[in-house]
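The values are calculated or read from the model by the stated rules, or taken from the named source; none is laboratory data. The shown structure was predicted, so the numbers you read here are calculated from the model rather than taken from an experiment. All Cβ positions, glycine included, derive from the backbone under ideal geometry; neighbour counts span all protein chains shown. These area figures cover heavy atoms from the full protein model, side chains too; ligands, DNA and RNA do not enter into them. Shrake-Rupley method; radii C 1.70, N 1.55, O 1.52, S 1.80 Å.
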Amino acid sequence: MMAILKPLSYCRWTMPYRAFYTCIYPTSNHKNKDTSLFIPPLRVSCHKQNDIHGHGACIRSLCGIEQRTLGKRQFSMSAAAIVNSAPASVQPYLRLMRLDKPIGTWLLFLPCTWSIGLAADPGCLPDISMLALFGTGSLLMRGAGCTINDMWDKDYDKKVVRTATRPIASGEISRLQALGFLGAQLSLALCVLLCLNYYSVILGAASLMLVVTYPFMKRITYWPQLMLGLTFNWGALLGWSAVMGSCDWSICLPLYFSGVMWTLIYDTIYAHQDKEDDVRVGIKSTALRFGEQTKPWLSGFSVAMLGGLILAGLNAQQTLPYYAAVSTTAIHLTHQISSLDINNLNEVKCQSKSKANDENAT
């Protein structure tokens with residue numbers, strides 16, 4: 001059943017969907033008019049959507065959604081559906097580490113694959129076991145970074161529509177519980193890191209300072225996206241050293257630089273969806289810094305990114321397929337930036353362009 005919430009004191013239930021809604025109502029008793037089911041006045045924050053009604057804030061908890069069609073159940077294997085199918089007590093922690101939104105994990109993982117791929121022997125595929133190890137590490141460190149970010153930003157997140165239902169901001173998880181969960185994630189990530197050589201262990205540990213300080217940067221500088229780039233692309237250094245034993249800086253630095261430029265591109269586009277809320281709560285971003293000059297800045301970052309990729313390829317003695325991939329990236333970035341209209345961007349358009357950027361990098 002799907003509850004269609006009305007600006008009245010009851011919910012009307014219809015087929016063919018079943019979802020669970022928890023509402024805040026001004027009265028202590030609330031009954032479904034059609035089924036006479038008692039619905040207690042509890043508040044459970046949804047991980048994604050808010051609906052505001054005349055009788056109060058009704059927050060949809062999308063756990064357990066199933067669609068019945070001709071007597072058959074259709075289940076989704078998306079990351080969000082997997083999180084929704086987890087036990088209710090576990091879901092807030094999975095949403096805290098953004099397991100329902102895996103694109104961030106891919107953004108952290110992809111620079112690792114670049115350097116692991118470049119470090120592979122000519123004509124050979126990258127080491128699959130190394131890719132799996134870095135994939136696991138990316139999942140854990142992305143979750144740890146999100147946990148740290150939400151602990152820092154609890155009071156800010158409450159004031160922004162897109163982030164108000166995050167588990168810490170909504171009160172589903174306390175800061176103390178989040179701290180314990182953070183310790184568990186970092187402990188598992190350390191186990192992954194210790195599987196690498198000593199050089200890589202030290203190099204990987206050095207990135208923790210960036211992970212911890214990044215969430216604070218939006219309070220003091222208009223360039224938090226730069227700090228995010230420095231943090232998210234550390235794998236461009238670590239992947240090479242894990243395979244080769246140490247960094248070849250003539251390859252790793254241009255690759256790392258390109259990753260940072262790429263992050264500035266996609267996260268500046270993404271930041272435009274929050275710029276009004278950012279101004280209201282006092283948070284800074286490159287979207288606010290660039291303003292109407294965003295497209296020239298993005299074009300400059302694109303040229304710098306492509307230049308770094310070409311330099312890394314030359315130093316790694318790459319061949320035609322590599323430069324074909326770089327050319328495809330250049331075409332994509334040109335189309336993306338030329339079609340961008342920062343004055344006519346809603347949340348869907350911002351996210352679609354960011355996701356297109358991410359999918360191209362994949």
- Quick one: P122 ticks every box in (1) more than 30 Å from G180 (Cβ to Cβ); (2) buried (at least 21 other Cβ atoms within 10 Å of the Cβ); (3) modelled with pLDDT under 95; (4) not aliphatic (A, V, I, L, M) bar one, so which box is it? (2)
- Task: Name every residue in the stretch 189-218 that is assigned to a helix (DSSP H, G or I) and open to solvent by 50 Å² or more (accessible area, probe 1.4 Å), in order of residue number.
- Result: L190, C191, Y198, Y199, I202, A205, A206, L208, M209, V212, F216
- Note on the structure: Sole miss for N315 among (1) touching a Ser or Thr at 6+ places or on another chain (Cβ under 8 Å); (2) farther than 20 Å from P111 by Cα; (3) among the polar types (S, T, N, Q) is condition (2)
- Message: For the stretch 326-338, check the following and say yes or no: at least one residue is aliphatic (A, V, I, L, M), open to solvent by 20 Å² or more (accessible area, probe 1.4 Å), touching a Leu at 6+ places or on another chain (Cβ under 9 Å) and closer than 30 Å to V192 by Cα.
- Response: no
- Query: In the stretch 248-268, how many residues are open to solvent by less than 10 Å² (accessible area, probe 1.4 Å), more than 12 Å from I310 (Cα to Cα) and either of a type in the set (A, V, I, L, M) or not in a helix (DSSP H, G or I) (or both)?
  - Reply: 3
- List the pairs whose first member sits in the stretch 190-209 and is touching a residue at least 24 places away in the same chain (Cβ under 8 Å), whose second member is outside any helix (DSSP H, G or I) and surrounded by fewer than 15 Cβ atoms within 10 Å (Cβ to Cβ), and whose Cβ atoms are under 8 Å apart, counting only residues at least 6 apart or on separate chains? N197/G245; Y199/G245; Y199/S246
- Item | the stretch 184-228, residues that are of a type in the set (G, A, S) and within 15 Å of C146 (Cβ to Cβ) | A184, A189
- Task: Select from the stretch 271-300 the residues that are open to solvent by less than 40 Å² (accessible area, probe 1.4 Å) and under 21 Å from the mean Cα position of the chain (by Cα) and list them in ascending order.
- Result: A271, H272, Q273, D274, D277, D278, I283, S285, T286, A287, L298
- Message: Can you tell me which of (1) exposed (fewer than 14 other Cβ atoms within 10 Å of the Cβ); (2) more than 30 Å from L255 (Cα to Cα); (3) modelled with pLDDT of 90 or more is the one L70 doesn't meet?
- Response: (3)
- Query: Counting only residues that are among the polar types (S, T, N, Q) and within 14 Å of L94 (Cα to Cα), which one in the stretch 161-179 is modelled with the highest pLDDT?
  - Reply: Q177
- Filtered residues of the stretch 152-169 (kept if under 15 Å from M217 (Cβ atoms) and either surrounded by fewer than 19 Cβ atoms within 10 Å (Cβ to Cβ) or of a type outside the set (D, E) (or both)): W152, Y156
- Query: List the pairs whose first member sits in the stretch 98-109 and is under 22 Å from A86 (Cα atoms), whose second member is small (G, A, S) and in a loop (DSSP other than H, G, I, E, B), and whose Cβ atoms are under 6 Å apart, counting only residues at least 6 apart or on separate chains?
  - Reply: none
- Message: Looking at the stretch 229-247 only, could you name the residues that are within 30 Å of I342 (Cα to Cα) and surrounded by fewer than 19 Cβ atoms within 10 Å (Cβ to Cβ)?
- Response: L230
- Hits in the stretch 155-188 (condition: of a type outside the set (D, E, K, R) and assigned to a loop (DSSP other than H, G, I, E, B)): V160, V161, T163, A164, T165, G171, I173, S174
- Look at K284 and say whether it is in contact (Cβ under 8 Å) with a residue 24 or more places away in the chain, outside any helix (DSSP H, G or I) and charged (D, E, K, R). yes
- Q177 meets each of (1) open to solvent by 50 Å² or more (accessible area, probe 1.4 Å); (2) more than 18 Å from Y214 (Cα to Cα); (3) under 17 Å from the mean Cα position of the chain (by Cα) with one exception, condition (3)
- Given the structure, is A356 surrounded by 18 or more Cβ atoms within 10 Å (Cβ to Cβ), small (G, A, S) and at pLDDT below 95? no
